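Visitor: Before anything else, here's the structure in question.
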Amino acid sequence: MALLTLEHVTQRFGALAAVNDLSFELEEGEVFGIAGPNGAGKTTVFNLISGFLHGSGRILLDGKRIDGLPPHRVTHLGIARTFQIPQPFQSMTVVQNLRIGEYYGSQGRTADGARRAPWKDLSGLIEFVGLQGKEDRPVSSLKLYDKKLTVLASALATRPRLVMLDEALGGLSAVEAELSLALLQRLNKEWGLTVIMIEHLMSALTRSCDRLLILNNGEALRLGEPRAVVEDPAVIECLVGGKRA
Amino acid sequence: MKRDRTPVAALPGDRPKALRFNRQNGITLGLVVILALLPLALGDSTYTMRLLIVSMIWGGVAVAWDLLLGYAGIFNLGQIGFFALGAYASAMLSQNAGLNPWWGLLAGAAVGAVLAVLLGLPSLRMAGIYIALLTLAFYEVLGPLLTVGQAVGTGGKRGISPIEPYSIGGHTLSSGNQVPWFYLALGLFVLCLVVCYFAINSRFGASFIALHDSEQFAQSLGISRYKVSLLIVAISGTLTGLMGAFYAHYTGVVSPRILGLEVFIYLVVMVLLGGVGKFPGPAIGAFVVIFVSDWLRAFENFRLLIFGALVVALVMLAPRGLMGALDSVQGFVHHRRGRHAAAEAPAAETDGPKP
Amino acid sequence: MREFIEVLITGITIGIVYFLVAVGFTLCYGVGRVLNYSYGSFFTWGAYLAWVLAVGYSKLNYVLVFVIVLPIMFFLGVAVDQVLIRPLRKRPEFDFSVILVTLGLAVFLDNLVLVIFGARTKSLPEFLTGSVKLGGFTISWQLIAMFIFALVVAVVLFVFMARTRTGMSMRAVAQDPTGARIVGIPLFRVFAVTFGISTLLCGAGGILLAPRFFMTPTGGWTFLVKALIIVIAGGLGSLRGTLYASFMLGIIEAIVGWKLGLLWVMPFWFLVLFLVLLVKPAGLFGATARKG
């Protein structure tokens with residue numbers, strides 16, 4: 001059975017359909033990329049899955065409906081996410097940010113009714129993302145990359161099965177972007193996490209994704225093997241045209 | 001004022017920090033100890049005792065309000081409504097239903113809680129700004145409602161008076177001897193301080209501070225915005241209703257005048273002067289406001305003019321209040337003593353580096 | 001029945017004046033993100049300025065009163081925006097600071113009136129006396145004058161918003177402040193003008209309604225709350241919602257005042273607001289009240 005299923009999902013803002021009749025399935029262990037021009041509805045898809053928006057259509061996790069659930073319930077079921085602009089808790093330190101995720105994210109029960117054991121020791125996670133030495137720094141003093149890592153690590157501290165990364169590489173230097181990509185691959189290979197990533201950088205997507213979805217005007221333009229998708233003339237036109245607009 | 005808030009003292013995992021000595025609880029403790037000893041020094045100065053009792057009542061309300069304004073970021077402008085209805089509930093139960101005034105305290109707290117939740121239910125589903133609109137409308141409508149509510153025993157425009165005072169072991173408290181009143185008020189004041197302190201410095205506190213800092217991120221980490229907000233509103237409402245009930249029996253009068261602008265602006269100044277989101281600043285602000293306002297009594301009409309201008313000046317020039325000023329002084333001292341001093345102190349007590 | 005229709009006409013006339021007052025409030029939020037809690041005090045100031053000119057210190061004609069008072073209200077608003085609101089715009093918690101600063105300003109302005117004019121109620125005479133009989137209904141000239149004045153202001157406002165450069169900039173800023181700045185609209189000037197227009201509308205409401213209600217230094221609060229309730233019921237930032245809500249509540253006010261007395265007006269308004277929010281949490285025409 002698919003891990004995550006979207007069936008005819010639609011979200012309207014007034015007359016505009018930000019996401020229009022979108023359906024796809026996600027297998028456990030997959031890295032799934034989403035690309036498309038600005039305003040194509042990529043982040044809206046994340047907001048729908050994570051419960052910040054409630055549109056029409058059905059969203060299922062392990063065959064059980066999760067559309068209609070509030071965001072914290074979705075988190076408790078094992079879906080974590082990051083945000084395009086990282087906004088960690090300003091009045092807390094790095095490790096305190098992580099603890100919020102660890103404590104509140106592991107409350108409630110997973111889909112199979114079992115209680116997940118929270119991580120008592122967060123140092124492994126801090127080392128994994130590469131924030132060692134900065135644990136007790138107030139978040140407000142961090143640079144963008146470290147803020148992104150803090151948000152990612154806090155999301156991981158909720159012990160998710162599926163993690164959704166919203167432009168994890170945006171605004172980073174080339175070196176930082178490489179580090180982030182490597183991190184993402186380890187998440188998938190070593191931890192066995194399923195990953196959905198929104199990204200603008202096509203090379204990153206073709207390198208790390210198993211499948212790639214191109215969104216345009218809220219609709220699925222192409223879905224398939226990344227290399228085939230990016231060479232599709234319709235996709236090229238959409239992305240290049242989209243950038244020019 | 002978000003960035004200026006004292007960082008959380010305790011988070012999941014380091015709970016004992018709430019019990020460790022720090023500036024927050026140090027000042028609170030000092031304040032309470034001084035208050036507890038004051039009657040010995042003042043002896044029979046009934047007038048000063050009265051001012052202190054009133055200060056403690058409003059100090060409790062101010063910290064409870066600040067829990068919403070400064071920590072949870074909920075712009076509830078109807079706080080005095082909770083206070084007034086707590087007072088009315090207790091007064092009506094003792095005067096109209098003949099219930100022992102002690103039960104009124106419970107009733108006041110319950111009314112405060114229920115009301116806060118009722119008002120919270122619709123408004124917390126909406127954007128923050130709507131809460132400010134709706135709660136102010138509630139506060140402004142309450143006066144006319146209590147005035148027309150004569151049929152249910154609110155006493156109309158004149159309110160309820162006299163209200164039976166408390167009695168301890170058959171001995172009725174009188175206004176002639178303020179000492180028992182004083183310690184009763186102190187007890188309730190301490191209750192407010194303790195509840196608010198632990199609400200802020202606990203796992204629960206971490207959750208509403210997280211929501212205030214970054215709402216969507218907090219939700220995405222598994223915090224229920226709705227549940228947390230309702231709970232914090234209920235706590236604040238309970239404490240405020242409780243203080244209202246005590247106030248009714250202490251002063252012996254409640255009338256729609258309690259909902260006047262004067263009281264409201266005093267409460268605003270208390271919180272602002274003490275420091276928004278700077279526990280226990282608002283409580284200290286209450287003492288300053290009550291005593292200064294008493295001192296300004298001679299100016300009558302100019303008093304509110306001054307307080308209005310004071311609110312404007314505080315927001316414009318000193319939005320962090322007295323406790324914020326203390327932070328600056330401490331920051332300055334730390335800076336002079338070198339970085340090691342700051343590094344040694346628990347993270348909870350140092351301000352983040354200024355950008 | 002005849003009496004009922006007359007009450008209805010009164011209700012509609014009050015409704016249009018309330019619309020002016022409420023539209024100023026919602027404009028200020030829609031464009032400048034300012035919840036102006038000193039709005040009621042500007043209402044009071046408009047009424048008292050008119051009293052000074054028409055009763056207290058000279059006996060000016062009402063048309064002249066409008067011509068003098070409205071620009072004063074406008075510049076008062078601009079000054080408040082520049083001195084108090086603008087410096088707050090760089091604060092992280094702008095919303096919260098603005099609420100507090102305008103609350104403080106309201107108390108200051110009200111008590112300034114109290115200190116200058118005293119607590120005794122004042123009243124403005126009616127613009128016109130007498131009444132006219134129209135098809136069996138008696139309508140006072142005062143009501144007709146109110147209606148015409150308010151209508152003129154409303155029409156001028158709509159034309160201003162739709163046709164002038166400033167009006168269009170205001171609408172652009174309301175929709176997308178960042179975008180508006182990018183295309184070169186001077187944000188701070190637009191904010192100031194908006195604030196000025198909003199206080200002007202509020203002052204106009206004050207003059208129009210003063211003959212109907214007694215004036216007291218703190219009387220403006222009732223009108224702030226009325227504006228609040230209209231705006232919440234109609235949906236914050238929605239002109240259409242404000243229009244419907246104004247008429248609805250104006251009519252309710254006239255009927256409740258006629259049957260039960262003016263004291264019951266506010267409780268009824270709140271009841272209506274509560275019912276509206278129960279059915280539509282974002283108000284009648286509010287888009288989405290929840291952010292994000």
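The values are calculated or read from the model by the stated rules, or taken from the named source; none is laboratory data. Worth saying up front: this structure is predicted, and the values here are computed from it rather than measured. Note that each Cβ is placed from the backbone with ideal geometry, even for glycine, and that neighbours are counted across all protein chains shown. The accessibility values were calculated without ligands, DNA or RNA, using every heavy atom of the protein model including side chains. Shrake-Rupley method; radii C 1.70, N 1.55, O 1.52, S 1.80 Å.
Visitor: Going toward the positive end of the dipole of the stretch C:163-292, with +1 on Lys and Arg Cβ and -1 on Asp and Glu Cβ, which of C:THR199, C:VAL272, C:VAL256 do you reach last?
Guide: Farthest along the dipole direction, towards plus: C:THR199.
Visitor: I need the fraction of alpha carbon pairs in the stretch A:144-191 separated by more than 15 Å, rounded to a whole percent.
Guide: The share of Cα pairs beyond 15 Å in the stretch A:144-191 comes to 41 percent.
Visitor: Below 11 angstrom from the Cβ of A:LEU169, what's the summed charge of the other residues (Lys, Arg +1; Asp, Glu -1)?
Guide: With Lys, Arg at +1 and Asp, Glu at -1, the net is -4.
Visitor: Which three lengths, in whole Å and largest first, does chain A cover when its Cα atoms are put on their principal axes?
Guide: The principal-axis extents, from largest down, are 49, 42, 35 Å.
Visitor: Let me ask another. Springs between alpha-carbon atoms under 10 Å, Gaussian network over chain C: tell me which of C:ASN61, C:ASN111, C:ASN36 tops the mean-square fluctuations.
Guide: C:ASN61
Visitor: Let me ask something else about it. Provide a whole-number value for the mean count of partner chain Cβ atoms within 10 Å of the Cβ atoms in peptide B:223-235.
Guide: Mean number of neighbouring Cβ atoms from other chains: 2.
Visitor: I've got another one for you. Dipole of the protein assembly as shown, Cα-centred, from +1 at each Lys and Arg C-beta and -1 at each Asp and Glu C-beta, to the nearest 20 debye?
Guide: It works out to roughly 960 debye.
Visitor: Against the longest principal axis of chain B, how steep is helix B:281-295, in degrees 0 to 90 to the nearest 10, with axes from Cα atoms?
Guide: 50 degrees
Visitor: Rounding to the nearest 10 and keeping the result within 0 to 90°, find how far the Cα-based axis of helix B:179-200 lies from the longest principal axis of chain B.
Guide: So the helix axis and the longest Cα principal axis differ by about 40 degrees.
Visitor: Then there is this: Summing +1 for each Lys or Arg and -1 for each Asp or Glu, what net charge is found among the other residues whose Cβ lies under 10 Å from the Cβ of A:LEU22?
Guide: -3
Visitor: Then there is this: Can you tell me which of A:175-183, C:40-48 comes out highest on packing, and rank the rest after it, using the mean Cβ neighbours within 10 Å?
Guide: C:40-48, A:175-183
Visitor: Hey, another quick one. Chymotrypsin sites (Phe, Trp or Tyr not before Pro), restricted to the stretch B:155-214: which are DSSP loop and have at most 16 other Cβ atoms within 10 Å?
Guide: Answer by residue number: there is no such site.
Visitor: Subtract the Cα-Cα distance of B:LEU37 and B:ALA309 from 0.36 nm times their separation in residues, and report this length gain in nm to one decimal.
Guide: Contour length minus Cα-Cα distance gives 94.4 nm.
Visitor: For chain B, just list the percent of Cα-Cα distances falling in each 10 Å bin from zero outward, please.
Guide: Whole-percent P(r) values from 0 Å outward: 5, 24, 34, 25, 10, 2, 0.
Visitor: Given 0.36 nm per residue, what is the gain on full extension from C:LEU187 to C:PHE274 after removing their alpha carbon distance, in nm?
Guide: 27.8 nm
Visitor: Could you compute how much accessible area chains B and A hide from each other, both sides summed, with a 1.4 Å probe? Nearest 100 Å² is fine.
Guide: 2400 Å²
Visitor: Please list the non-local residues whose amide H lies under 5 Å from the amide H of C:PHE213, H modeled 1.01 Å from N, same-chain partners needing a gap of 5 or more.
Guide: none
Visitor: Where in the stretch A:2-17 is the amide nitrogen less than 18 Å from a point lying 7 Å along the Cα-to-Cβ axis of A:ARG58?
Guide: Inside the label zone: A:2-11.
Visitor: Could you order peptides A:95-101, B:73-79, C:53-59 by the average number of other Cβ atoms within 10 Å of their residues, highest first?
Guide: Those peptides, ordered most packed to least, come out A:95-101, B:73-79, C:53-59.
Visitor: Next question, about the same structure. Over 26 Å between Cα atoms: which of B:LYS227/C:LYS226; A:LYS143/A:LYS189; B:LYS157/C:LYS122; A:LYS64/C:LYS280; A:LYS189/B:LYS227 fall into that group?
Guide: From B:LYS227/C:LYS226; A:LYS143/A:LYS189; B:LYS157/C:LYS122; A:LYS64/C:LYS280; A:LYS189/B:LYS227, over 26 Å: B:LYS227/C:LYS226; A:LYS143/A:LYS189; A:LYS64/C:LYS280; A:LYS189/B:LYS227.
Visitor: Within 12 Å, Cβ to Cβ, of A:GLY133, how many net charges do the neighbouring residues add up to if Lys/Arg are +1 and Asp/Glu are -1?
Guide: Cβ neighbours under 12 Å give a net charge of -2.
Visitor: Report the FRET efficiency, 1/(1 + (r/R0)^6), for C:VAL83 and C:GLN175, where r is their Cβ-Cβ distance and R0 is 22 Å, rounded to 0.05.
Guide: 0.20
Visitor: Follow-up question, since we're still on this one. For chain C, modelled as a Gaussian network with Cα springs under 10 Å, which listed residue fluctuates most, C:MET161, C:MET170, C:MET73?
Guide: C:MET161
Visitor: Per-residue HN-Hα couplings for the stretch B:242-259, Karplus 6.51 cos²θ - 1.76 cosθ + 1.60 at θ = phi - 60°, whole Hz, x for Gly and Pro?
Guide: Each residue of the stretch B:242-259 in turn: 4, 5, x, 4, 4, 4, 4, 6, 6, 7, x, 9, 9, 8, x, 5, 4, 8 Hz.
Visitor: Have a look at C:ILE185, C:ILE99, C:LEU134 and report the one farthest towards the positive end of the charge dipole of the stretch C:93-240, computed about the Cα centre with Cβ charges (Lys/Arg +1, Asp/Glu -1).
Guide: Highest projection toward the positive end goes to C:LEU134.
Visitor: List the accessible area buried at the contact between B and C, summed over both sides and calculated with a 1.4 Å probe, in Å² to the nearest 100.
Guide: Chains B and C together bury approximately 4300 Å².
Visitor: On to the next question. About the Cα centre of chain C, how large is the charge dipole given +1 on each Lys and Arg Cβ and -1 on each Asp and Glu Cβ? Please answer in debye to the nearest 20.
Guide: 560 debye
Visitor: Which value, in nm² and rounded to one decimal, describes the direction-averaged projected area of the C-alpha convex hull of chain C?
Guide: 16.1 nm²
Visitor: Also, quick follow-up: Put +1 on the Cβ of each Lys and Arg and -1 on the Cβ of each Asp and Glu in the stretch A:122-163; which of A:LEU162, A:LEU131, A:THR150 then has its Cα farthest toward the positive end of the dipole?
Guide: Result: A:LEU162, furthest along the dipole toward the positive end.
Visitor: A further question on this structure: Near the amide H of A:MET197, under 5 Å away, which other amide H atoms are found, from residues 5 or more places off or on another chain, if H is placed in the peptide plane?
Guide: A:PHE32, A:GLY33, A:ILE34, A:LEU165
Visitor: Here's another thing I want to ask about it. Give a quick list of chymotrypsin sites (Phe, Trp or Tyr not before Pro) in the stretch C:189-265 that DSSP marks as loop, anything other than H, G, I, E or B, with at most 13 other Cβ atoms within 10 Å.
Guide: Hits after loop and neighbour filter: C:PHE214.
Visitor: Then there's this: With every protein chain present, what is the per residue accessible area of the protein assembly as shown (1.4 Å probe, Å²)?
Guide: 40 Å²
Visitor: By what distance, in whole Å, do the Cα atoms of the protein assembly as shown stretch along each of the three principal axes, largest value first?
Guide: So the extents along the principal axes, rounded to whole Å, are 84, 77, 54.
Visitor: Counting only other chains, what is the mean number of Cβ atoms within 10 angstrom of the Cβ of each residue in peptide C:260-266?
Guide: Neighbouring Cβ atoms belonging to other protein chains average 3 per residue here.
Visitor: Report, to two decimal places, the Cα Rg of the stretch C:151-228 normalised by 2.2 N^0.38 Å (N = number of residues).
Guide: The value comes to 1.35.
Visitor: Please give the FRET efficiency for A:ARG12 paired with A:MET202, using the beta carbon to beta carbon distance and R0 = 25 Å, rounded to the nearest 0.05.
Guide: With a Förster radius of 25 Å, E is 0.30.
Visitor: OK, next. Within chain C, which complete DSSP H helices have Cα atoms spanning at least 24 Å along the helix axis and a mean Kyte-Doolittle hydropathy of -0.5 or higher?
Guide: C:2-32, C:62-80, C:94-117, C:141-163, C:187-209, C:239-259
Visitor: Can you give the Rg and Dmax of the stretch C:125-193 based on its C-alpha atoms, in angstrom?
Guide: Rg and Dmax of the stretch C:125-193, Cα atoms, are 19.5, 59 Å.
Visitor: Please report the Cα spread of the stretch C:92-236 along all three principal axes, rounded to whole Å, starting with the longest.
Guide: The Cα atoms of the stretch C:92-236 stretch 57, 41, 28 Å along their principal axes.
Visitor: Between B:VAL179 and C:GLU126, what is the label-point separation in nm under the 7 Å Cα-to-beta-carbon projection?
Guide: 6.7 nm
Visitor: Please list, or write none, the aspartates and glutamates whose alpha carbon is within less than 13 Å of the alpha carbon of A:LYS134, excluding same-chain residues fewer than 8 places away.
Guide: Leaving aside aspartates and glutamates fewer than 8 places away in the same chain, those within reach of A:LYS134 are A:ASP146.
Visitor: How large is ³J(HN,Hα), in whole Hz, for each residue of the stretch A:187-202 in order, when computed from phi with the Karplus curve 6.51 cos²θ - 1.76 cosθ + 1.60 and θ = phi - 60°, using x for Gly and Pro?
Guide: Whole-Hz 3J(HN,Hα) from phi for the stretch A:187-202: 3, 6, 6, 7, 8, x, 7, 7, 10, 10, 10, 9, 8, 9, 6, 5.
Visitor: If I take R0 = 60 Å and measure r between the Cβ atoms of C:LYS259 and B:THR46 in this structure, what FRET efficiency does the formula 1/(1 + (r/R0)^6) give, to the nearest 0.05?
Guide: 0.75
Visitor: Using the Cα centre of the stretch B:248-322 as the reference point, and only Cβ charges (+1 on K/R, -1 on D/E), how large is the resulting charge dipole? Debye, rounded to the nearest 20.
Guide: Approximately 140 debye in magnitude.
Visitor: Please check: in the Gaussian network model of chain B (C-alpha springs, under 10 Å), which one of B:ALA109, B:ALA283, B:ALA36 has the largest mean-square fluctuation.
Guide: It is B:ALA36.
Visitor: Moving on to the next point. Tell me, what ³J(HN,Hα) does each residue in the stretch B:49-64 have, in order and in whole Hz, if you take phi through Karplus 6.51 cos²θ - 1.76 cosθ + 1.60 with θ = phi - 60° and put x for Gly and Pro?
Guide: With the stated coefficients, the stretch B:49-64 comes to 4, 4, 4, 5, 5, 4, 4, 5, 4, 6, x, x, 5, 5, 5, 5 Hz.
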